[in-house]
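S.K.: Here you go, one structure.
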Amino acid sequence: MTTAVEKTSVTLSARPGFEGANIRTWIGFKHFAYLVEQGVLRWFREHGHGPGRLYHEHGVGLSIRDCSLLLPAVLDVDDEASVVATPAANGRFAVRMSVRRDADVTVCRARVRVALVREADVPHRAPLPAELSGLVEEPAAGEPGVAAGTDPAETLRAVGAGFVWPWRVPYFYCQYSQRMQHSGYVRLLEEVVDRYLADRGVSVGRMLRERGWIPVVSRARIEVLGDAHLDEPMWITFTVTDVLKDVTYDARMDCHVLRAGRLVRVATASILHGYAVSRGPEAGRLATLDPDTVAALTGEVR
């Protein structure tokens, strides 16, 4: 934010979406991101700058461009979370999410960057309030990469992509009629992990049935680098970059579109993943990754 923007925090009280309770009653990382987004939107609304008003009156689309999550504790389906969003400089927010148990427990800390993206097809624009003018951005082009060749997926594999998933941008991942929104990339990150694990022979379902292991996320970051558009073909890559102390693995997702014969990176993400034991005397503890599992995760076997 500019120095003129009020620095007061706002607090949102909300429960996670029921959709996020996929294994037992624990909530997946995607719904942490949704609650963080709602906390930031609450700040804009309480200050008279809701996304609808910004769009219709000022011709800009409020868009999250970067969000990093640190998840030190679990969130349960029945928890009521307190989400405190505090603005900083240049469209950035610090967000703390907590729940009340025996004491106040922090379940998420997040850093968010917001931009107001100019929308070319919105008429009758009124000037933005001065305190928001520093947040305005033009639609982003992304980061041009290698020439695509006849098969973009093969091109990405040739330059080191560990796993490539061809996809198309649907309208329900978009905002303001045309541009893919940040939460769409959050959803992609969740799905590409699932697809990668299945491709490696260690699907979530198999590990749950055979070992009682459930996936857990300790941290994640999703950054939008450029604007992907409705119906645009996209190639999503996923690569495990490191295994840490045989209990977690670090991985990266990149999203590319084809522009003028070149693959353009429009988003990138990182995620630190592991497994928790869901049953027996070790329930709740992080599982130790055995050599076969590490080999599968790192692409050494099929």
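S.K.: How many residues are surrounded by 15 or more Cβ atoms within 10 Å (Cβ to Cβ) and either without any contact (Cβ under 8 Å) to a residue 24 or more places away in the chain or not in a loop (DSSP other than H, G, I, E, B) (or both) when one looks only at the stretch 145-156?
M.R.: 5
S.K.: Still on this model: Can you work out which of the residues in the stretch 168-183 that are open to solvent by less than 50 Å² (accessible area, probe 1.4 Å) and more than 18 Å from ILE222 (Cα to Cα) is modelled with the highest pLDDT?
M.R.: PRO170
S.K.: Also, I was wondering about something else. Within the set of pairs 6+ apart or on separate chains, which have a first residue in the stretch 69-87 that is over 21 Å from ILE271 (Cβ atoms), a second that is open to solvent by less than 50 Å² (accessible area, probe 1.4 Å) and among the aromatic types (Phe, Trp, Tyr), and C-beta atoms under 7 Å apart?
M.R.: ALA85/TRP43; ALA85/PHE93; THR86/PHE93; PRO87/TRP43; PRO87/PHE93
S.K.: Residue check, TYR196 against (1) part of a helix (DSSP H, G or I); (2) out of contact with any Phe, Trp or Tyr (no Cβ under 7 Å at 6 or more places or on another chain); (3) not polar (S, T, N, Q), all met but one. Which one?
M.R.: Failed condition: (2).
S.K.: On to the next question. Look at SER183 and say whether it is closer than 23 Å to ARG118 by Cα, of a type in the set (Gly, Ala, Ser), touching a Phe, Trp or Tyr at 6+ places or on another chain (Cβ under 9 Å) and in a loop (DSSP other than H, G, I, E, B).
M.R.: Spelling it out, it is not the case that SER183 is closer than 23 Å to ARG118 by Cα, of a type in the set (Gly, Ala, Ser), touching a Phe, Trp or Tyr at 6+ places or on another chain (Cβ under 9 Å) and in a loop (DSSP other than H, G, I, E, B).
S.K.: Further question: For the stretch 90-126, what are the residues that are open to solvent by 40 Å² or more (accessible area, probe 1.4 Å) and within 22 Å of the chain's Cα centre (by Cα)?
M.R.: ASN90, ARG92, ARG96, ARG109, ARG111, ARG113
Okay, residues lined up against (1) of a type outside the set (S, T, N, Q); (2) part of a loop (DSSP other than H, G, I, E, B):
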position	(1), (2)
ILE214	yes, no
ARG219	yes, no
ASP242	yes, no
ALA251	yes, no
CYS255	yes, no
VAL264	yes, no
THR268	no, no
GLU282	yes, yes
THR293	no, no
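S.K.: May I pose another question? Restricted to the stretch 127-144, and to residues that are small (Gly, Ala, Ser) and surrounded by 15 or more Cβ atoms within 10 Å (Cβ to Cβ), which residue is farthest from ALA228 (Cα to Cα)?
M.R.: GLY134
S.K.: Here is a further query. Considering only residues that are over 16 Å from VAL159 (Cα atoms), assigned to a strand (DSSP E or B) and touching a helix residue (DSSP H, G or I) at 6+ places or on another chain (Cβ under 6 Å), which ones fall in the stretch 221-240?
M.R.: The answer is ILE222, VAL224.
S.K.: Inspect all residues belonging to the stretch 185-193 and state whether any of them is in contact (Cβ under 8 Å) with a residue 40 or more places away in the chain, open to solvent by 10 Å² or more (accessible area, probe 1.4 Å) and not aliphatic (A, V, I, L, M).
M.R.: Yes, that holds for at least one residue.
S.K.: Quick one: how many residues across the stretch 205-217 are in contact (Cβ under 8 Å) with a residue 12 or more places away in the chain and either over 18 Å from the mean Cα position of the chain (by Cα) or crowded, with 21+ Cβ neighbours inside 10 Å (or both)?
M.R.: Total meeting the criteria: 6.
S.K.: Under the condition of being more than 21 Å from GLY184 (Cβ to Cβ) and among the small types (Gly, Ala, Ser), which residue from the stretch 157-167 is surrounded by the fewest Cβ atoms within 10 Å (Cβ to Cβ)?
M.R.: Here the residue is GLY160.
S.K.: Moving on. So ALA94 fits all but one of (1) of a type in the set (Gly, Ala, Ser); (2) touching a strand residue (DSSP E or B) at 6+ places or on another chain (Cβ under 9 Å); (3) at pLDDT below 95; what number is the exception?
M.R.: The failed condition is (3).
S.K.: Could you please find all residues in the stretch 255-268 being under 15 Å from VAL224 (Cβ atoms) and over 12 Å from the mean Cα position of the chain (by Cα)?
M.R.: CYS255, HIS256, VAL257, VAL264, ARG265, VAL266
The values are calculated or read from the model by the stated rules, or taken from the named source; none is laboratory data. Every value quoted in this text rests on a predicted model; they were computed, and no experiment measured them. Counting neighbours? That spans all protein chains shown, and the Cβs are built from the backbone with ideal geometry, glycine included. Surface areas here come from the heavy atoms of the whole protein model, side chains and all, with no ligands, DNA or RNA. Shrake-Rupley method; radii C 1.70, N 1.55, O 1.52, S 1.80 Å.
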